[in-house]
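Working notes for the structure below.
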Amino acid sequence: MSLLLCSGLALASPDEQRLRSLINAQAGQVTGAAFEQIWRQVQALSTTELIMLSQAAGNNYFEQGWFELARNYRLGGSDGRPERLAQWQKEWFHHPAVAWLDRLTDRLAGLHPVPDNVKRMGVLLPLSGPFETQGREVLNGIQTALSWDRQRGFAVPELEVFDSNEVADPNDFIARRGQEYGLDLMLGPLKSKLTTRLDRTLSTPVLALNRAGGGRFNGYQLDLASDQELHQLVQLMQQEGRKRVLVLAPARENWVVSLMLSLQQQLSLASIQTLGVIRYGQDISTLELQLGKWLGISSSQQRASSLTALLGEEASFLPRRRQDIDSVLLIARPQQARLIKPMLDYHQASNVSVYASAHVYSGSPNPRLDTDLNGIVFCDMPWRLMRREGPESSSVFFALGMDAGSVYRALPRMGAGVAGYFEGETGNLRLPSGHRLERALLCARFKQGEPRPFIWGDGRSLQ
């Protein structure tokens, strides 16, 4: 786990072309989702790249406006940004990004700066009740990260640990405990019912470990929500030229609802057409009938049967599936996916690219069971895909704690708008804009029953 912010890499020409295409596709009127997508990409550029692009001679009106907006935001720093954004608005009052400029000014209402030297750190986690296991995994990860830093000669903060199960109002609790204990930073809460209530300006810097409520919240957020994973997976599909997808997902499972909403939005923004959605039940065998019908194999078999009856003898027959599909996006647990992938192969779809959510991987290599997953591509956190020395825990909450217990030292530079990323266990972490740390994940393909990472979710190939 790196303790330094790594400088941004040069933007490859195809990536620049995709960025320009995205800007021009939304030229006249930009939706809120499109604004966030474009802003995420321009903020991922290094400062040098932003300056060079803003000075490029061939920019059109829309491109030039975006590049200057991102440049002014970056170079303004935390103190000068409001004035620079106001000046940009005067010069570009017809630009479509103006409609969403308040999103940037709201974010400037201010990240609470984390001091360069954190001496006392609070940790607010569920250490009793139904989420005790997850809370203690996060705490273990934080303590492990600090222990490793101490062994490497770094000064580490003194911890004050609090049980969030006893907290009703996190804003009031953090304000009181921050002052009482002289905290330089508070990590947590973790439970969403508390983090969504973080909507006030706090005098103690906070790194919330779930999505915060917004409003006047002036802290940072590091979360494990699936939308970043799906965003990178769909971006990869787009880069690989996928245009028409079949989505397979469980029916009547609550955890799938928000994931499906995010997925449909991501596919739409990437201009990938969803040809169909099949929701399968607990009895996976019924999916075989659904696939046969949707892919046209059943109709092909019926035509062959009719021809045999007409000729009075068995006709030579090779089933043929519908040809307008070029990819499948699968949401499934490992035991489900091990049955579904062979079904796709059986129904003449073995040459169709299959992408999956990270749920497809158990977190531990199992070549004997996962051979049937060969060819499936998914994106997941480095902690689950790279074999690390040290603790054996594969818990994503342990990885979250590891990152929370180390990324805090990079937050002063991130909050100041310095480009780059922090090499974490939940992903390479950036803060391109706003309060939320973005996680660039690893994308992997199953080969010989094991996931083999081959690219970062931000498009960088593995060395």
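The values are calculated or read from the model by the stated rules, or taken from the named source; none is laboratory data. Since this is a predicted model, take the numbers as computed values, not measurements. Reconstructed Cβ throughout: ideal geometry from the backbone, glycine too, with neighbour counts over all protein chains shown. What goes into the accessible areas is simple: the full protein's heavy atoms, side chains included, and nothing from ligands, DNA or RNA. Shrake-Rupley method; radii C 1.70, N 1.55, O 1.52, S 1.80 Å.
Of everything in region 126-149 that's of a type in the set (Ser, Thr, Tyr) and assigned to a helix (DSSP H, G or I), which residue is surrounded by the most Cβ atoms within 10 Å (Cβ to Cβ)? In this case the residue turns out to be THR144. With respect to ALA56, is the statement that it is closer than 15 Å to ALA99 by Cα and in a loop (DSSP other than H, G, I, E, B) true? It is false that ALA56 is closer than 15 Å to ALA99 by Cα and in a loop (DSSP other than H, G, I, E, B).
Among the residues here, GLU229 qualifies as open to solvent by 10 Å² or more (accessible area, probe 1.4 Å), over 22 Å from ILE23 (Cβ atoms) and acidic (Asp, Glu). Going by the structure shown, is ARG413 part of a loop (DSSP other than H, G, I, E, B) and within 20 Å of VAL206 (Cα to Cα)? When the stated conditions are applied, ARG413 does not pass them. Just one of the listed residues (LEU287, LEU207) is of a type in the set (A, V, I, L, M), touching a residue at least 40 places away in the same chain (Cβ under 8 Å), assigned to a helix (DSSP H, G or I) and open to solvent by less than 20 Å² (accessible area, probe 1.4 Å), and it is LEU287. Testing ARG40 on (1) in a helix (DSSP H, G or I); (2) open to solvent by 40 Å² or more (accessible area, probe 1.4 Å); (3) more than 21 Å from LEU431 (Cβ to Cβ), one condition comes back false. Which one is that? Tallying (1) in a helix (DSSP H, G or I); (2) open to solvent by 40 Å² or more (accessible area, probe 1.4 Å); (3) more than 21 Å from LEU431 (Cβ to Cβ), ARG40 fails exactly one: (3). Annotation: GLY241 fulfils all but one of (1) more than 24 Å from ARG409 (Cα to Cα); (2) open to solvent by less than 20 Å² (accessible area, probe 1.4 Å); the unmet one is (2).
In the set (1) in contact with a helix residue (DSSP H, G or I) (Cβ under 8 Å, 6 or more places away or on another chain); (2) open to solvent by 10 Å² or more (accessible area, probe 1.4 Å); (3) of a type in the set (Phe, Trp, Tyr), TYR220 fails one condition alone, (2). If the condition is being under 26 Å from the mean Cα position of the chain (by Cα) and hydroxyl-bearing (Ser, Thr, Tyr), then region 134-163 contributes only THR144. Scan region 320-350 residue by residue and report those that are outside any helix (DSSP H, G or I) and open to solvent by 50 Å² or more (accessible area, probe 1.4 Å). Of everything in region 320-350, those that are outside any helix (DSSP H, G or I) and open to solvent by 50 Å² or more (accessible area, probe 1.4 Å) turn out to be ARG320, ARG322, GLN323, ASP324, ARG333, SER350.
Report yes if LEU248 is surrounded by 20 or more Cβ atoms within 10 Å (Cβ to Cβ) and either without any contact (Cβ under 8 Å) to a residue 60 or more places away in the chain or in contact with a strand residue (DSSP E or B) (Cβ under 7 Å, 6 or more places away or on another chain) (or both), otherwise no.
Considered against the rule, which asks whether it is surrounded by 20 or more Cβ atoms within 10 Å (Cβ to Cβ) and either without any contact (Cβ under 8 Å) to a residue 60 or more places away in the chain or in contact with a strand residue (DSSP E or B) (Cβ under 7 Å, 6 or more places away or on another chain) (or both), LEU248 comes out as yes.
Residues are listed down the side, and each one gets a yes or a no for (1) farther than 16 Å from ASN218 by Cα; (2) open to solvent by less than 20 Å² (accessible area, probe 1.4 Å); (3) at pLDDT below 95:
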residue: PRO157; (1), (2), (3): yes, yes, no
residue: GLU160; (1), (2), (3): yes, no, no
residue: ASP184; (1), (2), (3): no, no, no
residue: LYS191; (1), (2), (3): yes, no, yes
